[in-house]
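Structure first, commentary second.
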Amino acid sequence: MRVGLFVTCLVDLMRPSVGFAAIELLEAAGCAVYVPPTQTCCGQPGYNSGDRAAARALAEKVLAEFEDCEYLVAPSGSCAGMIKTHYPELFDDAPALRARVERLAARVHELTDFLANVARLARVPGGFRGRITYHDSCSGLRELGVKGQPRALLARMPGLELVEMGDCEQCCGFGGTFSVKFGEISGAIAERKCRAIEASGADAVVLGDLGCMLNIEGRLRRRGNETTKVLHVAEVLAGKSGR
Amino acid sequence: MQVQSLHFKRRAHEALGNATLQSNLEKFGAGGLALLRARAVEAYGRDAFERLRDAGAEIRDRSLADLDTLIERFEREATARGATVLFARTGEEARDLVLEICRRHRLTKAVKSKSMLSEEAGLNEALAAAGVTPVETDLGEYIIQLAHEAPSHIIAPAVHKSKDEVADLFASTHAKPRKTDIPAMTREAREALRAHFLEADLGISGGNFLVAETGSGAIVTNEGNGRMVTTLPRVHVCITGIEKVIPTLEDFATLMRLLPRSATGQPISNYVSLFTGPKRPGDRDGPEHMYFVLVDGGRTNLVGTDMEEMLRCIRCGACMNHCPVYKTVGGHAYGWVYPGPMGSVLTPAYVGLENALDLPHASTLCNQCGVVCPVKIPLPELLRKLREKQVDRGLRPWTERAGLRLWAWAALHPRVYAFGTWWAARYLRFMGGGAKRIRKLPFAGGWTVSRDFPAPEGKTFRELYRKRRGA
């Protein structure tokens, strides 16, 4: 299976290790991983800020980069959701392009969804000891139905215990540019998420999106919590969560 | 009501600094209406409820597609049954019509059941100025009228108040010993309201639906006050938006399976009132005169546009009950009549994009609102469309526009982008220091107002990957 990895701009800049963990997992599932070198961003910042033209230009770029792959996989529900559920509508006035985009969209998966449901990863390579709680990121959950997939994969790691936090489906307050435009509100929403995480008694909160990750980690540390780890699900599954 | 939506940020800041409000909001968020809805949906069956949502959306779309003929039919049927149907282009016109009705029938005291349109029209202030005393009879509305405040939620208008605050308010108004036992407080309010019901010569209600085939108005209440308002006084005025019209009683029955469950988690509200014309000869009760004041107030501007789906709204409040932003800042921050996600779409749509610049952006687009909306309004999509309209009309700050243009240009030029991120990864890593976190972020200070920014690992994925492939 030739799988194109959409690294995402935040993984590229902030947490390259998550990208390498994703490659490892995909290879463990028997995929030939292709990483288009020219990839940058899915266009979501423009799309959500009302700049449709910019979003569309980037969508065309992603289409050109990944059209030849059997699948496009991203370690992010947000970016995968953008490509899968929002790209087609950007091409309402260009039926030929829209058809190509729809063909690509049909082959787009969030990483854990792909590993659990498409590639059917036989053995989870990583090991983890401790209690974790899982934060469901909004786009992954509500656009792509990512809910059971990461939990099913994590459940196959013997030393790992999953405890659910209260309101695990509640937004962490990130919201892309919202987090900067409305920093105070965003931080207050994150504060509630952090309290739910702490109340769960978990050693680590695990999630599938860099935006939520930076938001939750940033708020935990600001409020003086130096111990609760914030980990991407790919790092945990690949056994790269020592950071 | 005066539009204060331009000041969303300031008002949100004040809300976040108000400890009592924060504690009240937290209680609301933790065990409030969202939880009750979830239980009701579970009891109904999730799949069945999804089908019900489809049916609800279909009814509302069908109604809106035929809005003009349905309104005409409603007018015909209501008139045939003895009611008077009046139309208002704006809230002000609606207010004037109600004042004219008061003059015609020499009315001096109005009891009111919940109506958000009355807030749009600023009706209470106008009535009082014209010598007609308005008394809100929905318990929540009664509370905020005593406190001289506006509703902070469309179905739970006093949700921002704690029991203690209400106890103080009642003690000072009712001149009775302060009580904190909720049933006792409710009884006290009922006793105070009873006299008003008996004295009033005008009853003003809102309207949840207008049924075209019978010319009936419908309201949904839990306290019975709506029943009193629409039957006791000698004149009844139902004031509502023209978009509330639906074709048949059958459609009404379907929507009534959705509305209370979505709003309060009830299979049915305690009272469902359908009012059809004034008292007929031989009827034992009912008003002598009945009016419908149907208000446009910006609604027809949405018909046939890419915002039309918003007019499906049946005012259940589920979107705000599930909104992380609403649950954090409360309803008053939004600065006009309608708060939460539906308000962030309706306010700019009704009062002008330029008068509510922040509202379309005051959302994380988490889509909790979209998945609970009983008539499947794609709220995040509509907020996004409003953002696009702001950009098209040049209403965004130039710094934001320039930043986005620069980002988009770089993202389209991979070499430029690679250089930019190469530099940023190192610069931010350096800024992060030993603790690997940044306390104050340059160019994005909003982020570090209330949280740290975790530093990047120091090199970009693309350079590490190329090195690895080369090795």
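The values are calculated or read from the model by the stated rules, or taken from the named source; none is laboratory data. This is a predicted model, so every value here is computed, not measured. Using ideal geometry, Cβ is built from the backbone for each residue, glycine included, and neighbour counts are taken over all protein chains shown.
Where the second residue is part of a helix (DSSP H, G or I) and among the basic types (K, R) and the first is facing chain A (nearest Cβ under 9 Å) and lies in region B:9-37, which pairs have Cβ atoms under 6 Å and are six or more apart or on separate chains?
If the second residue must be part of a helix (DSSP H, G or I) and among the basic types (K, R), the pairs left are B:G29/B:K327.
Out of all the residues in region B:76-91, is one or more of a type in the set (S, T, Y), under 23 Å from the mean Cα position of the chain (by Cα) and within 14 Å of another protein chain (Cβ to nearest Cβ)? Break it down stepwise before answering.
Of region B:76-91, the ones of a type in the set (S, T, Y) are B:79, B:84, B:90.
Next cut, under 23 Å from the mean Cα position of the chain (by Cα) only: B:90.
Remaining after also requiring within 14 Å of another protein chain (Cβ to nearest Cβ): none.
No: region B:76-91 contains no residue that is of a type in the set (S, T, Y), under 23 Å from the mean Cα position of the chain (by Cα) and within 14 Å of another protein chain (Cβ to nearest Cβ).
From A:L97, A:L154, A:L160, which residue is in the same structural domain as A:A22 (by TED's automatic domain parsing) and either surrounded by 15 or more Cβ atoms within 10 Å (Cβ to Cβ) or β-branched (V, I, T) (or both)?
A:L97
Can you pull out the residues in region B:271-291 that are in contact (Cβ under 8 Å) with a residue 12 or more places away in the chain and either outside the structural domain of B:L97 (by TED's automatic domain parsing) or loosely packed, with under 14 Cβ neighbours inside 10 Å (or both)?
Filtering region B:271-291 for residues in contact (Cβ under 8 Å) with a residue 12 or more places away in the chain gives B:271-278, B:280, B:285-291.
B:R280, B:D285, B:E288 - these are the residues of region B:271-291 that are in contact (Cβ under 8 Å) with a residue 12 or more places away in the chain and either outside the structural domain of B:L97 (by TED's automatic domain parsing) or loosely packed, with under 14 Cβ neighbours inside 10 Å (or both).
Of the residues that make up region B:297-316, is at least one part of a helix (DSSP H, G or I), under 25 Å from B:Q266 (Cβ atoms) and within 14 Å of another protein chain (Cβ to nearest Cβ)?
No, region B:297-316 has no match at all.
Checking A:E217 against (1) more than 9 Å from chain B (Cβ to nearest Cβ); (2) touching a Pro at 6+ places or on another chain (Cβ under 9 Å); (3) of a type in the set (D, E, K, R), which single condition isn't satisfied?
For A:E217, the exception is condition (1).
With the checklist (1) free of Cβ contacts under 8 Å to residues at least 40 places away in the same chain; (2) more than 14 Å from chain B (Cβ to nearest Cβ) in hand, flag the one item A:D203 doesn't pass.
(1)
Given the criterion surrounded by 12 or more Cβ atoms within 10 Å (Cβ to Cβ), over 20 Å from A:E169 (Cβ atoms), among the small types (G, A, S) and assigned by TED's automatic domain parsing to the domain that holds B:L379, identify the matching residue among B:A55, B:A15, B:A65, B:A19.
Being surrounded by 12 or more Cβ atoms within 10 Å (Cβ to Cβ), over 20 Å from A:E169 (Cβ atoms), among the small types (G, A, S) and assigned by TED's automatic domain parsing to the domain that holds B:L379 holds for just one of B:A55, B:A15, B:A65, B:A19, which is B:A15.
Condition check ((1) surrounded by fewer than 23 Cβ atoms within 10 Å (Cβ to Cβ); (2) of a type in the set (D, E, K, R); (3) away from chain A (no Cβ under 12 Å)) across all residues:
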{"position": "B:G330", "(1), (2), (3)": "no, no, no"}
{"position": "B:G352", "(1), (2), (3)": "yes, no, yes"}
{"position": "B:L359", "(1), (2), (3)": "no, no, no"}
{"position": "B:S363", "(1), (2), (3)": "no, no, no"}
{"position": "B:V375", "(1), (2), (3)": "no, no, yes"}
{"position": "B:K385", "(1), (2), (3)": "yes, yes, no"}
{"position": "B:D392", "(1), (2), (3)": "yes, yes, no"}
{"position": "B:P397", "(1), (2), (3)": "yes, no, no"}
{"position": "B:E400", "(1), (2), (3)": "yes, yes, no"}
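Answer with yes or no whether B:V135 is farther than 23 Å from B:Q4 by Cβ and either in contact with a Ser or Thr (Cβ under 7 Å, 6 or more places away or on another chain) or of a type in the set (V, I, T) (or both).
In short, yes.
I'm trying to understand the selection: among the residues of region A:69-101, which are within 22 Å of the chain's Cα centre (by Cα), of a type in the set (D, E, K, R) and in a loop (DSSP other than H, G, I, E, B)?
If the condition is that a residue be within 22 Å of the chain's Cα centre (by Cα), of a type in the set (D, E, K, R) and in a loop (DSSP other than H, G, I, E, B), then A:E70 is the only one that fits.
For residues that are in a helix (DSSP H, G or I) and either within 14 Å of B:A435 (Cα to Cα) or at pLDDT below 95 (or both), tally how many sit in region A:217-243.
Here the count works out to 5.
Is it the case, given these coordinates, that B:R462 is modelled with pLDDT under 95 and either more than 9 Å from chain A (Cβ to nearest Cβ) or at negative phi (or both)?
no
Condition check: surrounded by 22 or more Cβ atoms within 10 Å (Cβ to Cβ), part of a helix (DSSP H, G or I) and at pLDDT 95 or above. Does A:V11 satisfy that?
Details: surrounded by 22 or more Cβ atoms within 10 Å (Cβ to Cβ): yes; part of a helix (DSSP H, G or I): yes; at pLDDT 95 or above: yes.
Yes; evaluated as a whole, the condition is true for this residue.
For region A:7-22, how many residues meet the condition of being more than 7 Å from chain B (Cβ to nearest Cβ) and either closer than 9 Å to A:E235 by Cα or more than 14 Å from the chain's Cα centre (by Cα) (or both)?
Total satisfying the criteria: 4.
Residues in region B:402-431 that are farther than 27 Å from B:L357 by Cα, more than 8 Å from chain A (Cβ to nearest Cβ) and surrounded by fewer than 19 Cβ atoms within 10 Å (Cβ to Cβ): how many?
Counting residues in region B:402-431 that are farther than 27 Å from B:L357 by Cα, more than 8 Å from chain A (Cβ to nearest Cβ) and surrounded by fewer than 19 Cβ atoms within 10 Å (Cβ to Cβ) gives 12.
In region A:49-62, how many are facing chain B (nearest Cβ under 7 Å), crowded, with 24+ Cβ neighbours inside 10 Å and touching a residue at least 24 places away in the same chain (Cβ under 8 Å)?
1
Would you mind stating whether A:G30 is part of a loop (DSSP other than H, G, I, E, B), of a type in the set (G, A, S) and surrounded by fewer than 24 Cβ atoms within 10 Å (Cβ to Cβ)?
yes
Can you report the number of residues in region B:44-75 which are in contact (Cβ under 8 Å) with a residue 60 or more places away in the chain, within 26 Å of the chain's Cα centre (by Cα) and assigned to a helix (DSSP H, G or I)?
Residues meeting the conditions: 18.
Within region A:33-47, restricting attention to residues that are of a type outside the set (A, V, I, L, M, F, W, C) and crowded, with 20+ Cβ neighbours inside 10 Å, which residue is nearest to B:G420 (Cα to Cα)?
Step by step, filter region A:33-47, then rank; the result is A:T40.
Within region B:434-454, which residues are surrounded by fewer than 20 Cβ atoms within 10 Å (Cβ to Cβ) and either facing another protein chain (nearest Cβ under 10 Å) or within 26 Å of A:F182 (Cα to Cα) (or both)?
First, pick out the residues of region B:434-454 that are surrounded by fewer than 20 Cβ atoms within 10 Å (Cβ to Cβ): B:434-437, B:439-446, B:449.
Selection gives B:A435, B:K436, B:R437, B:R439, B:K440, B:L441, B:P442, B:F443, B:A444, B:G445, B:G446, B:V449.
Here are A:L115, A:L104: which of them is over 22 Å from A:H135 (Cα atoms), in contact (Cβ under 8 Å) with a residue 40 or more places away in the chain and assigned to a helix (DSSP H, G or I)?
A:L104
Restricting to region A:141-181, give me the number of residues that are in contact (Cβ under 8 Å) with a residue 60 or more places away in the chain, under 28 Å from B:P360 (Cα atoms) and more than 14 Å from the chain's Cα centre (by Cα).
Looking only at that region, the number is 1.
Which of the residues belonging to region A:153-190 are in contact with a Leu (Cβ under 8 Å, 6 or more places away or on another chain), at negative phi and either within 14 Å of another protein chain (Cβ to nearest Cβ) or part of a helix (DSSP H, G or I) (or both)?
Once the filter is applied, which keeps residues that are in contact with a Leu (Cβ under 8 Å, 6 or more places away or on another chain), at negative phi and either within 14 Å of another protein chain (Cβ to nearest Cβ) or part of a helix (DSSP H, G or I) (or both), region A:153-190 yields A:L153, A:L154, A:A155, A:E169, A:F174, A:F178, A:E184, A:I185, A:A188.
Report those strands (runs of 3 or more DSSP E) wholly inside region B:190-244 carrying at least 3 residues which are among the β-branched types (V, I, T).
Counting at least 3 such residues, we get B:216-221, B:235-241.
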